[in-house]
1. Kindly establish whether R45 is at pLDDT 80 or above, of a type outside the set (S, T, N, Q) and assigned to a helix (DSSP H, G or I).
2. Any residue in the range 1-30 that is modelled with pLDDT of 85 or more sitting within a Cβ distance under 6 Å of a residue that is of a type in the set (A, V, I, L, M, F, W, C) and surrounded by 11 or more Cβ atoms within 10 Å (Cβ to Cβ)? List the pairs, counting only those 6 or more apart or interchain.
3. Consider only pairs whose beta carbons are under 7 Å apart and that are at least six residues apart or on different chains; among these, list those whose first residue lies in the range 56-81 and is in a loop (DSSP other than H, G, I, E, B) and whose second residue is modelled with pLDDT under 80.
4. May I ask you to list the residues in the range 48-67 that are exposed (fewer than 10 other Cβ atoms within 10 Å of the Cβ) and more than 24 Å from M29 (Cβ to Cβ)?
Amino acid sequence: MPSGTGESNEMLEHVKAWTKEVQKSGRLMRPFVLTPNGDTVLVSRYLAPIEPPEEIFPEGNNAAMKNLILQPKLSFVKISR
């Protein structure tokens, strides 16, 4: 890994090229963040899955019922490809 960064050179170059392509469409893209130590890392290192709040489910639901409840809500989450 290069000095002062938490990512490999290959990853840095790939993300920089990808960012340039995305920015051609007018979208603002900042894929890197600084760690408390001053290292440059991808922001995705700070993303983690979270469980939805239990309050949105009626009592006694199984996993299949929870999926049916969540699917319409998740359809509004925009995924860029």
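The values are calculated or read from the model by the stated rules, or taken from the named source; none is laboratory data. All of these numbers come straight from a predicted model, not from anything done at the bench. For neighbour counting, all protein chains shown are included, and Cβ atoms are generated from backbone atoms with ideal geometry for every residue, glycine included.
1. Details: at pLDDT 80 or above: yes; of a type outside the set (S, T, N, Q): yes; assigned to a helix (DSSP H, G or I): yes.
Taking the combined requirement at face value, the residue satisfies it.
2. From residues that are modelled with pLDDT of 85 or more, the pairs are T19/M29; V22/M29; Q23/M29.
3. Final answer for the pair search is none.
4. From the range 48-67, those exposed (fewer than 10 other Cβ atoms within 10 Å of the Cβ) are 48-51, 53-55, 58-60, 62-64; that's our starting set.
Result: E51, P53, E54, E55, P58, E59, G60, N62, A63, A64.
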